[in-house]
Amino acid sequence: MNPKTAVDVGKKALFPKLNPLLGYLDDLGERADLPTLRRLLEDLDVTREDLVSACLFEKDAYQRNLIKETPWYELVCLCWGSGQRTPIHDHEGSSCAFLVVEGVATETRFEHTPSGLIVAVETTVRNPGFICASSEADIHQVANTQPEGCDLITLHIYSPKLRQFNVYSMDTPTACDPNTVRCHADLKLSKPSSNGS
């Protein structure tokens, strides 16, 4: 068994309810179709327990827990404590779809004004089961605005991998360097060894 196959088998064993989704994603040879991503997420019946090894939280910022990636996609479980949020951002170069697995997400959408500044145009509460599918030009911010002790878990697909995106401020008409994003870096998940390490 080659290393790639070994990793694939490990991910399927860790996350069996994701197998139909992973089957589609692993066959990609180009950018994923956004309506197909939405449909596949609608068909998922996953809970925190199904993603337990990917449900890792950090105190200071939301945590990106990488489940799997190829050149054509990345599948990430994001875990948010109370008061944690993304910066205002787009998905330049990628399609994005996410499922609210547990908790309540607050999504704020933004648009450019003639001045070049962005303004909030809609803020919506997203309950468990909600699916957001965004094209690369969509600008938004996602947050856990719930009280302390109310976790938020979301499952995100980016296709291709999210590497080029813009971060925005309400105070300036230009996007800034995405390397200033305040979240914890991807944590790559692997199957635990039998000795617990």
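All other residues with a Cβ under 15 Å from the Cβ of Leu152 taken together, and with Lys, Arg as +1 and Asp, Glu as -1, what is their net charge? Summing Lys and Arg as +1 and Asp and Glu as -1 gives 0. If you take the Cα centroid of region 94-110 and the Cα centroid of region 40-71, the two points sit 13 Å apart.
Here's how it looks for Ala32: its modeled amide H is under 5 Å from none belonging to a residue 5 or more places away or on a different chain.
How would you classify region 53-94 from its alpha-carbon gyration tensor, with a ≥ b ≥ c the square roots of the eigenvalues: rounded for a/c under 1.5, else prolate if a/b is greater than b/c, otherwise oblate? Working shown, then result.
On the way: a/c = 3.95, a/b = 1.30, b/c = 3.04.
Oblate shape, in that a/c is at least 1.5 and b/c is the bigger or equal ratio.
Our coupling estimate for region 93-103, obtained by passing each phi through the Karplus curve with A = 6.51, B = -1.76, C = 1.60 and θ = phi - 60°, is x, 9, 8, 10, 9, 9, 10, 7, 8, 8, x Hz, Gly and Pro reported as x.
Rounded to 0.05, the FRET efficiency of the Leu117 and Asp45 pair, given R0 = 30 Å and the Cβ-Cβ distance, is 0.10.
How would you classify region 11-76 from its alpha-carbon gyration tensor, with a ≥ b ≥ c the square roots of the eigenvalues: rounded for a/c under 1.5, else prolate if a/b is greater than b/c, otherwise oblate? Please list the in-between numbers first.
Details: a/c = 1.82, a/b = 1.47, b/c = 1.24.
Since a/c reaches 1.5 and a/b is larger than b/c, the shape of region 11-76 is classed as prolate.
For the pair Thr36 and Ala137, label points projected 7 Å from Cα toward Cβ lie 2.3 nm apart. Label zone (Ser169, point 7 Å along Cα-to-C-beta; backbone nitrogen cut-off 14 Å) within region 107-128: 117-118. By the count of other C-beta atoms within 10 Å, a proxy for reagent exposure, Thr47, Thr70 are ordered fewest to most as Thr47, Thr70.
Judged by the gyration tensor of its Cα atoms, with axes a ≥ b ≥ c, region 3-188 is prolate; a/c meets the 1.5 cut and a/b is the larger of a/b and b/c.
Counted by neighbouring Cβ atoms within 10 Å, the residues Cys79, Cys132 run from fewest to most as Cys132, Cys79.
Could you please rank Lys161, Lys59, Lys68, placing first whichever residue has the fewest other Cβ atoms within 10 Å of its Cβ?
On the way: Lys161 16, Lys59 8, Lys68 22.
Listed from fewest to most nearby Cβ atoms, that is Lys59, Lys161, Lys68.
Values in this text are rule-based calculations from the coordinates and carry no lab data. Only a predicted model underlies this, so the values are computations on that prediction, with no experimental measurement involved. Glycine also receives a Cβ, built like all others from the backbone with ideal geometry; neighbour counts cover every protein chain displayed.
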